[in-house]
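J.: Please see the structure below; I have some questions.
The values are calculated or read from the model by the stated rules, or taken from the named source; none is laboratory data. Keep in mind that what you see is a predicted model, and the values were worked out from it rather than measured. Cβ coordinates were reconstructed from backbone atoms using ideal geometry, including for glycine residues, and neighbour counts include every protein chain displayed.
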Amino acid sequence: MGDLRDTSVVESALADLKPSRIWHLATGSGEPDSADYTQVAYDQQMLSNLVYAMPDHCQLIYTGSMAEYGRAGMFDEFDRCAPDSVYACAKLLYTHHEHDGGPTLGK
């Protein structure tokens, strides 16, 4: 498909594919640095490009990260989230945003 940070690439691909569901698993390469604001901006740009370019009937499935809980190991999805890095805070924000119905702006 190409670089999800490139709006025109995403718009073109989704217009051609006309998906009914998108599983968004993408993030930057490598281990996210706890203070890497550039990577957070890239992740947000990828998510935004998908949300605004996807067809109206399309369902977005967005994956979270263990980082949202602020620890590793066994946990339950109902455990309290306590993100401890810039990346983890951003992931939790996006997860809540999508859980609460996604964007209110766009098409």
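J.: Just checking, which of Glu68, Glu77, Glu11 is at pLDDT 90 or above and of a type in the set (Asp, Glu)?
T.: Numbers: Glu68 fails: at pLDDT 90 or above; Glu77 fails: at pLDDT 90 or above.
Testing whether each residue is at pLDDT 90 or above and of a type in the set (Asp, Glu) leaves just Glu11.
J.: If I filter the stretch 18-35 down to residues being at pLDDT 60 or above and either assigned to a helix (DSSP H, G or I) or among the small types (Gly, Ala, Ser) (or both), which single residue comes out as nearest to Thr63 (Cα to Cα)? Outline the logic, then answer.
T.: Step one: list which residues in the stretch 18-35 are at pLDDT 60 or above, which gives 18-28, 35.
Adding the requirement that they be either assigned to a helix (DSSP H, G or I) or among the small types (Gly, Ala, Ser) (or both) leaves 20, 26, 28, 35.
Working: Ser20: 17, Ala26: 9, Gly28: 14, Ala35: 21 Å.
The extreme case among them is Ala26.
J.: Next up: If you take the residues of the stretch 3-17 that are assigned to a helix (DSSP H, G or I) and hydrophobic (A, V, I, L, M, F, W, C), which of them is nearest to Met54 (Cα to Cα)?
T.: In the first step, residues of the stretch 3-17 are kept if they are assigned to a helix (DSSP H, G or I); the result is 7-17.
Okay, now just the ones that are also hydrophobic (A, V, I, L, M, F, W, C), so 9-10, 13-15, 17.
Details: Val9: 12, Val10: 9, Ala13: 10, Leu14: 6, Ala15: 8, Leu17: 10 Å.
That would be Leu14.
J.: Take the residues of the stretch 66-89 that are assigned to a helix (DSSP H, G or I) and aliphatic (A, V, I, L, M): which is surrounded by the most Cβ atoms within 10 Å (Cβ to Cβ)?
T.: Of all residues in the stretch 66-89, those assigned to a helix (DSSP H, G or I) come to 66-69, 86-89.
Okay, now just the ones that are also aliphatic (A, V, I, L, M), so 66-67, 86, 88.
On the way: Met66: 12, Ala67: 20, Val86: 16, Ala88: 23.
Filtering first and then ranking leaves Ala88.
J.: If I go through the stretch 36-65 residue by residue, how many of them are out of contact with any Lys or Arg (no Cβ under 8 Å at 6 or more places or on another chain), at pLDDT 85 or above and in a loop (DSSP other than H, G, I, E, B)?
T.: Total satisfying the criteria: 2.
J.: Limited to the stretch 90-107, what total is found for residues that are at pLDDT 80 or above and surrounded by 17 or more Cβ atoms within 10 Å (Cβ to Cβ)?
T.: Keep residues of the stretch 90-107 that are at pLDDT 80 or above, which gives 90-95.
Add one more test, that the residue is surrounded by 17 or more Cβ atoms within 10 Å (Cβ to Cβ), and what stays is 90-92, 94.
So the count comes out to 4.
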